[in-house]
Structure formats: C-alpha cells, structure tokens
Number of protein chains: 2
Amino acid sequence: MPKVNLKTIATELGVSISTVSKALQDSYEISKETKQKVVSLAKKLNFQPNPYASSLRRNQTRNIAVIIPEIANNFFALVINGVESVAREKNYHVLIYLTHDEYKKELEFCEYLQNGRIDGVMMSVTTETQTHEHIGRLTEKGILVVLFDRVCHEIETAKVTTDDFVSSLNATEHLIQNGCKKIAYLALSSHLSIDNKRKAGYAEGLHKYNIPFDASLVIECGNNENEAHQIIKSLLSSPNRPDAIFASVEKLAIETYLVCRELSLSIPQDVKVICFANLKIADLLNPPLSTITQPAFEIGKKAARVLFRNLDSKRGSIENENIVLKSLLIPRLSTQKSD
Amino acid sequence: MPKVNLKTIATELGVSISTVSKALQDSYEISKETKQKVVSLAKKLNFQPNPYASSLRRNQTRNIAVIIPEIANNFFALVINGVESVAREKNYHVLIYLTHDEYKKELEFCEYLQNGRIDGVMMSVTTETQTHEHIGRLTEKGILVVLFDRVCHEIETAKVTTDDFVSSLNATEHLIQNGCKKIAYLALSSHLSIDNKRKAGYAEGLHKYNIPFDASLVIECGNNENEAHQIIKSLLSSPNRPDAIFASVEKLAIETYLVCRELSLSIPQDVKVICFANLKIADLLNPPLSTITQPAFEIGKKAARVLFRNLDSKRGSIENENIVLKSLLIPRLSTQKSD
C-alpha cells in the first residue's frame with residue numbers, strides 16, 4: 001500500500017496541501033464542508049499525521065522517558081508501574097530505556113534524548129556513573145529531569161529517594177538486638193550515593209552499640225552474579241565468618257541464600273540475612289527473608305507527579321528539591337534470634 | 001540557553017541553512033573546509049540535529065518497540081533483555097510499551113505507532129485481545145511486526161512461541177506419574193491461544209492415562225490477584241479438592257502457595273504444584289517449585305533477529321513463519337511423589 005500523506009489527500013480532493021493540513025487541525029480558515037471532506041477521506045485512507053512533523057510544530061512529544069539500570073528487578077518494575085499510573089492520567093506515553101547498568105549506555109541515551117523525542121526524563125543512574133555532565137546537558141536543552149533512588153546530588157533538580165541512612169541504621173540495630181556481633185555489609189558499588197548512605201547507616205548502627213567498624217566486613221560485590229557469588233562464598237567459607245549478612249540489594253541476598261545452601265549453613269542459626277528488597281515472595285522463601293522494603297510504586301508515582309507538575313507549568317527546569325519517602329523494615333525468620 | 005538550530009550555525013558562519021544541513025550530512029556538494037567549520041561549531045554549541053526532522057528525511061528511526069502486557073514479570077523481563085542484546089549490536093534503541101494487559105491500551109499503542117516513530121514492533125497481546133485488525137494496520141503501514149509468546153495466529157508474520165502443547169502434556173504426565181488423579185488447571189484467559197494450547201496439552205495428558213476430563217477443574221483465574229486468590233482458595237477449601245494444581249503462569253502458582261499456607265495444606269503431601277515460570281529463585285521457595293521454564297531470553301533474541309533480518313533486507317513485510325522453541329520441565333520438591 002503506498003504511503004498516504006497530506007499530498008495524497010490534497011490531490012484526491014483537488015485542494016492544496018496547506019488546506020488539508022489546516023482542515024485536519026480544525027482551523028477556522030477552512031470551511032466546514034471542506035473539513036468534512038478532508039476528515040472523511042483521511043479516515044477512509046487510514047491516514048495518520050506524522051508525529052515527528054507535528055511535534056516540530058507543537059514542541060511537545062507527549063512522551064516521557066524512564067532510564068533505569070535493569071528490568072529484571074522488582075524495585076524498578078514497581079517504580080515503572082507507578083510512573084505509568086500517573087502518565088496514563090496525563091495521556092502520556094512512557095518510553096523505557098535500559099542502561100544495563102553501563103555508563104556508556106546511559107551517556108548514549110542522554111545524548112540521544114537531548115534532541116526533542118521527549119518532554120521529560122526520570123532516571124536512576126548506573127553504578128558506573130561518576131560524572132553528571134550528560135544529565136546537565138539534558139536540562140540545558142530544556143528537558144525536565146527527575147532523579148530517583150540512585151541519584152546524583154550534584155544535579156539541581158527534584159530527587160526522589162528513600163530514607164536509606166535511617167533504614168540501614170534500623171536494620172543494623174535489628175541484627176544487633178538479635179544477637180549479631182559481626183555483621184558484613186554487601187555493597188553494589190561505592191560510586192552510588194545511595195549505597196554510601198546505606199553504608200553510613202550501617203556504620204552508625206554499629207557505633208550506637210559500640211561495635212568497632214571493620215572495613216574488611218564492607219564488601220563491594222558489583223553487578224556480576226557469578227563474581228558476587230564467589231565473593232560471598234569466600235566470605236562465608238572463612239573460619240572467621242560473619243554472623244550476619246546485610247545486603248544492600250535483593251540479588252546479593254539471593255546469592256547469599258544460594259551460598260548458604262552450598263556450604264550447608266543454616267539461616268538464621270549460622271548466619272542471619274537481611275536486605276533491601278521488593279520481593280513479593282520474600283515470605284515464601286526458605287526461610288522467609290527479612291527485608292527493608294522501599295515504597296517503589298510510590299517512588300514512581302511521586303517522581304512522575306513532580307515531572308508533570310513542572311511540565312504543566314511550562315517551566316524550563318525543575319527546582320532543586322529532595323523528596324524522601326520512608327521504607328519499611330519487615331522482620332522475618334531469616335533474622336530471628338537463635339536460642 | 002537559547003535553542004541551537006541550523007539557523008544559529010548558518011548565521012554565525014555567514015552561510016545558508018542548506019549549506020549547514022548538507023555539511024552535517026557530509027554532502028559532496030560542500031567543501032572540506034566548510035564542513036570542518038560547520039562540524040566544529042556544531043560541536044562547540046552542543047548542537048544535535050532534530051531526530052524528528054532527520055527521520056522525515058531518512059524514514060528510519062533506529063527505534064524498535066516491544067509491546068508487552070506487564071513488566072513485573074520474570075518472563076517478559078528476560079525477553080526484553082534478549083531483545084536488547086540484539087538491538088545493541090544493531091545500534092537500535094528499544095522502546096518498551098506496557099499495556100497492563102488491557103486491550104484498550106494495546107489498541108492505542110498500535111494506532112500511535114502507525115505513524116513513523118519506529119521501524120518495527122515485537123509484541124505479546126493482552127488476555128483481552130480478541131481481534132487483530134489493529135495489528136494488521138501496523139503491517140499495512142509497512143511497520144514490521146513480530147509476535148511472540150501470546151500471539152495471534154490470524155496475522156501473517158513471524159511468530160516466536162514455545163512448545164506449549166507438548167510441555168503441558170509432559171507436566172500433566174509428570175503429575176500423574178507422581179500419583180495425582182485429580183489435577184486442576186489454572187488458566188489466565190480463554191482468549192489467549194497460548195493458554196488454550198496449554199489447556200489442550202493438559203487434556204491430552206489426562207486422555208493418555210484414561211483420566212476423564214472434568215471441565216470443572218479448568219479454572220479461569222484472570223489477571224486480578226485478589227480475585228485469583230479467592231478462586232484458588234475456594235477450590236482448595238472444597239471437601240473434594242484437587243490433589244494437584246497446574247498453573248499456566250507463575251503468579252497463579254505463587255497465589256496457590258499463599259493459599260496453601262493460609263489453609264495449612266502441605267505441598268506436595270496435600271497438593272502438588274507445577275507451573276510455567278521463569279522464577280530464578282524457584283529453588284529457594286518452601287518447598288522448591290517444579291517449573292516448566294520457557295527460554296525467555298532466547299525468545300527475545302530470536303524475535304529480534306527475525307525483525308532485524310527483515311529490516312536489513314528492506315522488505316515491507318515479514319513472511320508467515322512459526323518459530324517454536326523448547327521449554328524445559330524442572331521437577332522439584334513441589335511435585336514429589338508422596339510415600
């Protein structure tokens with residue numbers, strides 16, 4: 001089927017292209033009769049105006065982008081559902097970009113999105129991200145940016161995070177109160193401000209109970225599953241092994257469970273385990289996993305609301321604002337006090 | 001910062017807009033010297049050509065779309081990772097659209113995507129989808145479509161599925177061999193061809209062992225978690241309850257686990273459970289869950305390869321083709337024979 005465009009309709013009706021274009025935009029310059037003819041033929045030919053051409057005119061794409069490190073991750077999946085719930089009300093489309101936690105990909109997306117495909121971006125940076133100029137270039141182009149969870153504090157805009165320091169302090173306290181004296185903290189990356197806040201909360205928890213901070217118990221596991229598995233295995237195989245694992249992310253707790261099974265270590269008798277997680281089935285694991293659960297859906301909703309409030313007000317940038325939501329500590333069998 | 005466009009560069013260099021445009025496209029009409037000046041100034045001003053304008057010229061967006069029913073779903077997350085692994089090689093961006101399993105949203109996306117934002121679409125339809133004209137309209141516009149998993153057989157194009165009938169037959173046989181006589185099949189929707197194939201495989205399995213097919217044991221649970229929970233609860237509360245649950249999707253097996261706990265039913269002693277699932281932690285559940293695991297990452301890769309092969313060959317449509325990958329039955333404790 002040949003491509004139907006404004007010219008096809010214009011030729012068929014013997015009017016100018018400009019008349020067709022104006023008729024489709026319901027312009028007052030065009031007679032009611034002509035409008036009806038144009039609209040009816042456009043419908044018959046299944047004509048869709050080219051959105052690129054029309055976005056050039058309107059400078060509004062009705063698209064927002066969400067840039068996230070990974071998709072097979074309960075936290076980010078829930079955040080996106082939260083964003084969608086707001087975008088749907090606003091009749092916007094949500095485009096999802098996955099960086100696979102690579103800075104190079106994040107940079108590419110930011111360059112790519114600079115030029116008018118979207119009205120706004122919500123993003124969570126990669127563990128590799130150490131600079132923020134690429135995000136600044138988006139805001140310089142008038143594209144609104146809201147950061148969430150894994151944020152860069154250097155960027156002046158709205159940031160939606162959770163109370164990571166306090167949650168982490170509480171989780172550490174929970175472990176200590178249940179008898180742990182030697183708690184290992186498994187981090188993803190020391191480049192992430194969120195990971196550093198969690199680590200600081202852990203250190204503060206130890207300090208509160210006069211347990212000396214031992215740097216050898218803070219272990220950066222990175223993003224590679226197999227490597228993380230080996231790191232945890234070597235940690236738990238040592239004769240001097242920790243009595244608790246505090247994992248900064250869900251997947252490190254899962255690896256810990258797998259390692260414990262390999263090494264025939266019992267949770268919680270031999271090792272207690274707690275982590276930041278949005279695992280719906282934490283309760284169905286063997287044993288049920290204690291979690292610090294972030295309000296992921298709410299984070300997505302909040303980030304989208306801030307973005308749309310600023311889009312609606314036609315501002316060119318978003319004011320600096322830190323929005324902090326509360327996480328919830330849910331103790332389960334994996335951290336229960338041993339008799 | 002004022003918007004930098006072709007005119008800005010043209011004015012600054014005292015040349016025509018057309019010269020700037022041609023220089024940026026490395027046209028033979030422009031001298032090397034002028035090209036260098038233009039490119040260097042464009043770089044300095046951080047100029048990005050408007051992709052909408054340039055896609056009008058090139059008619060190639062370097063975007064592909066993936067339309068899926070949900071994101072908090074291990075199967076679809078893995079499919080997308082598979083698609084991404086291929087798109088990355090081809091230097092394409094993957095845009096993800098979530099229908100939230102609503103036909104209305106699917107329809108909207110298909111209308112929206114008709115008009116040149118993308119070169120191709122990979123999609124899995126919603127449980128509500130009963131017609132396919134909206135997909136046909138995409139292909140009529142020259143947009144390549146590949147269907148996967150939840151396909152419409154009426155559309156002439158490539159479809160990537162798994163051996164659902166055989167897998168389902170094997171799972172049913174596995175349950176019967178482990179002593180089950182009264183197996184309930186939990187379906188998502190009778191509108192899905194994939195669900196119907198799985199149901200047919202289940203019926204065939206019963207037939208093979210001369211177990212009469214009982215329509216009251218085939219239960220459509222739908223997409224609402226709470227409703228599904230109640231349906232399963234009422235099924236397992238009946239004095240005449242089934243001795244096995246065969247769930248067509250992961251989330252129905254999870255609800256079954258939750259119901260069994262509520263009703264103090266033991267898995268596998270009181271009820272055996274098996275399901276189609278891509279749950280990485282099936283093995284860590286209490287008890288470990290027997291699964292039929294689809295090669296989700298491979299499905300995504302395969303669908304993307306077919307799409308790109310056809311994009312590369314500049315064909316306007318994809319030939320009808322059924323590509324069937326094999327799933328794997330992984331027996332675990334949840335279906336173990338009771339003594």
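If a residue has to be without any contact (Cβ under 8 Å) to a residue 60 or more places away in the chain and under 14 Å from the mean Cα position of the chain (by Cα) to count, how many in the range B:291-308 make the cut?
0
Looking at the structure I just gave you, is A:Phe297 farther than 28 Å from B:Ser334 by Cα, within 14 Å of chain B (Cβ to nearest Cβ) and either not aliphatic (A, V, I, L, M) or not in a loop (DSSP other than H, G, I, E, B) (or both)?
Judged against the criteria, A:Phe297 is a match.
Quick one: how many residues across the range B:182-238 are of a type in the set (A, V, I, L, M, F, W, C) and not in a helix (DSSP H, G or I)?
Qualifying residue count for the region: 11.
Filter the range A:245-263 down to the residues that are touching an Asp or Glu at 6+ places or on another chain (Cβ under 9 Å) and among the small types (Gly, Ala, Ser), then identify the one that is farthest from the other protein chains (Cβ to nearest Cβ).
This residue is A:Ser248.
So in the range B:239-287, with the set limited to residues that are aliphatic (A, V, I, L, M) and part of a helix (DSSP H, G or I), which one is farthest from B:Cys180 (Cα to Cα)?
B:Leu284
Identify all residues within the range A:178-213 that are closer than 19 Å to A:Thr291 by Cα, more than 25 Å from the chain's Cα centre (by Cα) and without any contact (Cβ under 8 Å) to a residue 24 or more places away in the chain; write none if there are none.
A:Ala203
What single numbered condition from (1) touching a residue at least 40 places away in the same chain (Cβ under 8 Å); (2) in contact with a Phe, Trp or Tyr (Cβ under 7 Å, 6 or more places away or on another chain) fails to hold for B:Tyr97?
B:Tyr97 satisfies every listed condition except (1).
Applying the selection to the range A:43-70, what residues are modelled with pLDDT of 85 or more and crowded, with 20+ Cβ neighbours inside 10 Å?
Hits for the range A:43-70 are A:Asn63, A:Ile64, A:Ala65, A:Val66, A:Ile67, A:Ile68, A:Pro69.
Out of A:Thr99, A:Thr126, I need the residue that is of a type in the set (S, T, N, Q) and closer than 17 Å to B:Tyr92 by Cβ. Which one?
A:Thr99
Within the range A:102-117, restricting attention to residues that are farther than 18 Å from B:Ala42 by Cα and surrounded by 23 or more Cβ atoms within 10 Å (Cβ to Cβ), which residue is nearest to the other protein chains (Cβ to nearest Cβ)?
Checked the range A:102-117; the qualifying residue nearest to the other protein chains (Cβ to nearest Cβ) is A:Arg117.
Return a yes/no flag: does the range B:77-90 have any residue that is part of a loop (DSSP other than H, G, I, E, B) and more than 8 Å from chain A (Cβ to nearest Cβ).
Within the range B:77-90, one or more residues are part of a loop (DSSP other than H, G, I, E, B) and more than 8 Å from chain A (Cβ to nearest Cβ).
With B:Ala247, B:Ala282 as the choices, which residue is under 23 Å from B:Asn196 (Cα atoms) and small (Gly, Ala, Ser)?
B:Ala247
What is the residue count in the range B:91-100 for residues that are assigned to a loop (DSSP other than H, G, I, E, B) and in contact with a strand residue (DSSP E or B) (Cβ under 7 Å, 6 or more places away or on another chain)?
Residues in the range B:91-100 being assigned to a loop (DSSP other than H, G, I, E, B) and in contact with a strand residue (DSSP E or B) (Cβ under 7 Å, 6 or more places away or on another chain): 2 in total.
Cβ-Cβ distance below 8 Å, separation of 6 or more or different chains: which pairs start in the range B:220-234 with a residue that is basic (Lys, Arg) and end on one that is at pLDDT 95 or above?
Final answer for the pair search is B:Lys233/B:Val259; B:Lys233/B:Glu262; B:Lys233/B:Leu263.
Restricting to the range A:19-42, and then to whatever is modelled with pLDDT under 80 and more than 44 Å from the chain's Cα centre (by Cα), can you tell me which residue is surrounded by the most Cβ atoms within 10 Å (Cβ to Cβ)?
By that ranking, first place goes to A:Glu29.
Can you tell me which residues in the range A:141-174 are assigned to a helix (DSSP H, G or I), surrounded by fewer than 23 Cβ atoms within 10 Å (Cβ to Cβ) and either hydrophobic (A, V, I, L, M, F, W, C) or without any contact (Cβ under 8 Å) to a residue 24 or more places away in the chain (or both)?
Across the range A:141-174, the qualifying residues are A:Phe165, A:Val166, A:Leu169.
Suppose we filter the range B:281-339 for residues that are surrounded by fewer than 18 Cβ atoms within 10 Å (Cβ to Cβ), among the β-branched types (Val, Ile, Thr) and farther than 30 Å from A:Leu279 by Cα; how many remain?
Residues that pass the stated criteria total 2.
Restricted to the range A:118-140, and to residues that are within 14 Å of another protein chain (Cβ to nearest Cβ) and part of a loop (DSSP other than H, G, I, E, B), which residue is modelled with the highest pLDDT?
A:Asp119
Based on this model, can you work out whether B:Leu95 counts as within 11 Å of another protein chain (Cβ to nearest Cβ), modelled with pLDDT under 90, in contact with a Leu (Cβ under 8 Å, 6 or more places away or on another chain) and under 15 Å from A:Leu98 (Cβ atoms)?
Judged against the criteria, B:Leu95 is a match.
The values are calculated or read from the model by the stated rules, or taken from the named source; none is laboratory data. None of these values were measured; they are calculated from a predicted model. Heads up, the Cβs are rebuilt from the backbone with ideal geometry, glycines too, and the neighbour counts pull from every protein chain shown.
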